[in-house]
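Accompanying notes for the structure given below.
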Amino acid sequence: MVQQSLNIERRSATTTPSPGVRHSVEVAKLIDISKCIGCKACQAACMEWNDIRDEIGTCKGVYDNPADLSAGSWTVMRFSEVETDNGKLEWLIRKDGCMHCADPGCLKACPAPGAIVQHENGIVDFQQENCTGCGYCITGCPFNIPRLSPKDHKVYKCTLCSDRIATGLEPACAKTCPTGAIMFGSKKEMITQAEGRIADLKERGYQNAGLYDPKGVGGTHVMYVLQHADKPELYSGLAKDPQLSPLVIFWKGIAKPLMSYGLGVAVLTGIMHYVTVGPNEAEEDETEK
Amino acid sequence: MNNKSGFILRHPPQVRANHWFVAIVFILATLSGLAFFHPAFFFLSNLFGGGPWTKILHPFVGVVMLVAFSMLASREWKYNRVTDADRQWQKKAMDIMLNHPVKMPDIGRYNIGQKYLFRTLLGMIGILFLTGIVIWQPYFAPMFSINLVRLAVVAHGIAGFITIVAIIVHIYAAYWTRGAIRGMTRGTVTAAWAKHHYPGWYKEMSKGSK
């Protein structure tokens, strides 16, 4: 991996350009689900590197542990037992976490300047010191990832180990994965890597094997190799065609700028009315009948 | 009615106090809400101690607003029925706004513009409260589905916009109608003012005292 500093490409709630003279390589994490054995070493590595310790939960009778993402669990393995067409049972294990969208809904929805940034290498990072705790990012995310901490009312999620990447290291989960199911590199390299693996899987009978890099969010910087790319929903409900909610686009893209102008126009109309028409005065002698 | 020097009581002290309390709370709710409305207004969060404090305070200010406005609305409810005279007034609204001389219909305590404002605020403050609950992190929002929260957040913004525009109109109309603000600060208006703007109400008030 090339060593790179983290240039900022986009900031939340900022209407002027971010510093953009320098250019860095777009990175990606590639998760090959066909190689994952569900050992959860990535979960442990994530906790360790980021120094987060979730509350001890309870057993839900399934392998998923913890049961869901939280402010203290930025990645979880989701286990699903799936019967495929030929009556074969398959155990599909998906490492869930932030997808680092090229077109991040969280960043678009965020009203606090600089609380969410997108680095030029594609990493979407929350800057908790700027977070107001409003939860708008949760409404913006098409993957249901950000979690508001009940302790400090800030939102947390996977950082793609931006602090490691800035110094030329790979993410903690990729570093620790014993089967090499999690790979990290430039997005270009990872796509090439995936293509080879997909050809392999097809040869072994997985005709629908493919890369998950959904275009609806401009592509992602966490990609999956899926054995059944035609049915991503088999993988614990992975979105087939994730899109930013039209409500969020309308709200942030159209309604709010338009309404902001509207407020200005309303005030201006009042002033113009007063200076052209003049005040509405009652003559004091009107009461004389 | 006609106390010394021909002034008529328009708003008793309780209503004045209630109105100005609502006005103060409205300004706090607006300034704190606008901070989250568009980045251009985010600087307003500095007035409340920064982003997190603005986010913490805004919903509570909203609840106070709902309570105070409900008290005011229940006091004014009975004066806000639309009458035939109001409809005649509405036909002349353009002439009135352009200060053309018109024969004023016998309207009561409020004109139809004020009655529309009353209805708008009643509806919008209701919507703002309900949608505000749905998007209130971290207490209530997790109880609702994500699509409902998305819808509520858009509806809250639109209702907030309509409310602010309505209040801009309200403030300007009060300023433009010379003598009206006195009715809400001192409580009294001149007889000439009452007769000019609200002939029906003026007649009613004069009947009572003669």
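The values are calculated or read from the model by the stated rules, or taken from the named source; none is laboratory data. Not measured: the values here are computed from a predicted model. As a convention, Cβ positions derive from the backbone with ideal geometry for all residues, glycine included, and neighbour counts pool all protein chains shown. Each accessible area value is taken on the protein alone, full model and side chains, heavy atoms only, with ligands, DNA and RNA left out. Shrake-Rupley method; radii C 1.70, N 1.55, O 1.52, S 1.80 Å.
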## Note on the structure
Counting only protein heavy atoms and rolling a 1.4 Å probe, one gets per residue an accessible area for the range A:8-244 in Å² of 44
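If packing is taken as the average number of other Cβ atoms within 10 Å across a peptide's residues, how do B:145-151, B:14-20 rank, most packed first? Let's see the in-between values first.
Working: B:145-151: 16.6, B:14-20: 15.0.
Result, highest mean Cβ count within 10 Å first: B:145-151, B:14-20.
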### Anchor residue B:115: lysines whose Cα lies under 22 Å away (excluding residues fewer than 8 positions away in-chain)
B:78, B:91, B:92, B:103, B:195, B:203
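What FRET efficiency comes out for residue B:204 versus residue B:43 if R0 is 51 angstrom and r is the Cβ-Cβ distance? Round to the nearest 0.05. Intermediate values should be presented prior to the final figure.
Values: r = 49 Å, r/R0 = 0.95.
Between residue B:204 and residue B:43 the formula returns 0.55.
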### Message
What does the structure give for B:175-186 when I average, per residue, the other chain Cβ atoms found within 10 Å of the residue Cβ?
### Response
2
### Task
Go through the range A:221-235 residue by residue and turn each phi into a ³J(HN,Hα) via Karplus (6.51, -1.76, 1.60, θ = phi - 60°); whole Hz please, and just put x for glycine and proline.
9, 10, 10, 10, 8, 10, 5, 10, 5, 6, 10, x, 5, 4, 8
### Cα convex hull of the range B:8-80 - mean projected area over all directions, nm²
6.0
### Task
Would you mind checking the tilt of helix B:112-134 against the longest principal axis of the Cα atoms of chain B, expressed as 0 to 90 degrees and rounded to 10?
20
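How many partner chain Cβ atoms sit within 10 Å of a residue's Cβ in peptide B:14-25, on average, as a whole number?
Details: counts 0, 0, 0, 0, 0, 0, 0, 0, 0, 0, 0, 0.
Shielding by partners across B:14-25 averages 0.
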### Message
Using protein chains only and a probe of 1.4 angstrom, how many square angstrom of residue A:132 are accessible, to the nearest 10?
### Response
10
### Message
Could you tell me which residue out of B:145, B:58, B:82 lies farthest along the dipole of the range B:55-210 toward its positive end? Charges go on the beta carbon: Lys and Arg +1, Asp and Glu -1, centred on the Cα centre.
### Response
B:82
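Given a 1.4 angstrom probe, I'd like the percentage of the accessible area of the range A:200-253 that is carbon and sulfur, rounded to a whole number. If you can, show how the numbers build up before the last one.
Details: 1240 of 2400 Å².
Carbon and sulfur together cover 52 percent of it.
With a 1.4 Å probe, what is the total accessible area buried between chains B and A, in Å² rounded to the nearest 100?
Working: alone 12590 and 15800 Å², together 24420 Å².
In total, this chain pair buries about 4000 Å².
Please work out the ratio of the alpha-carbon Rg of the range B:76-198 to 2.2 N^0.38 Å and round it to two decimals.
Numbers: Rg = 18.8 Å, N = 123, 2.2 N^0.38 = 13.7 Å.
Compared with the compact-globule rule of thumb, the range B:76-198 sits at 1.37.
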### Task
Using a 1.4 angstrom probe on heavy atoms only, work out the carbon and sulfur share of the accessible area of the range B:8-80 in %.
80
### Message
Using each residue's phi in the range A:26-37, evaluate 6.51 cos²θ - 1.76 cosθ + 1.60 at θ = phi - 60° and report the 3J(HN,Hα) Karplus result to the nearest Hz, with x for Gly and Pro.
### Response
6, 9, 7, 9, 10, 10, 8, 5, 6, 9, 7, 10
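Would you work out the charge dipole size for the protein assembly as shown about its Cα centre, treating the Cβ of every Lys and Arg as +1 and the Cβ of every Asp and Glu as -1, and quote it to the nearest 20 debye?
Dipole magnitude for the protein assembly as shown comes out near 1860 debye.
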## Note on the structure
Which of B:13, B:101, B:199 fluctuates most in a GNM of chain B (C-alpha springs under 10 Å)? That residue is B:101
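Apply 1/(1 + (r/R0)^6) to the Cβ-Cβ distance of residue A:231 and residue A:56, taking R0 = 25 Å, and write down the FRET efficiency to the nearest 0.05. Intermediate results must be reported in sequence, preceding the final value.
On the way: r = 35 Å, r/R0 = 1.38.
So, using R0 = 25 Å, E works out to roughly 0.10.
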### Summary
Taking placed amide H atoms and a strict 5 Å upper bound, the residues 5 or more places from residue A:95 or on another chain that come that close are A:78
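For the protein assembly as shown, would you read off the P(r) tail past 41 Å as a percentage of all alpha carbon pairs?
Working: 47740 of 124251 pairs.
Percentage above 41 Å: 38.
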### Message
Please compute the contact order of the range B:1-83 in relative form: average sequence separation of alpha-carbon pairs under 8 Å and at least six residues apart, divided by the residue count, as a percent.
### Response
30
### Query
Relative contact order, percent, of chain B when contacts are C-alpha pairs under 8 Å separated by at least 6 residues?
30
### Query
What number, rounded to the nearest 500 deg cm²/dmol, is the helix-based mean residue ellipticity at 222 nm of chain A, given -39500 (n - 2.57) per DSSP H run of at least four residues and division by all its residues?
-7000 deg cm²/dmol
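Hey, what did chain A get for relative contact order, percent, Cα under 8 Å, at least 6 apart? Kindly include the intermediate steps, with their values, before the conclusion.
Numbers: 532 pairs, mean separation 68.7, N = 289.
Taking the mean separation of contacting Cα pairs over the length of chain A, I get 24 percent.
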### Share of Cα-Cα pairs in chain A lying beyond 34 Å, as whole percent
29
### Per-residue mean of C-beta atoms belonging to partner chains within 10 Å, peptide B:162-174
3
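In the structure shown, do any of A:187/A:231; A:108/A:151; A:40/A:202; A:40/A:154; A:35/A:187; A:60/A:108 have a Cα-Cα gap over 29 Å, and if so which?
Values: A:187/A:231 23 Å; A:108/A:151 25 Å; A:40/A:202 27 Å; A:40/A:154 26 Å; A:35/A:187 19 Å; A:60/A:108 35 Å.
In this structure, A:60/A:108 exceed 29 Å between Cα atoms.
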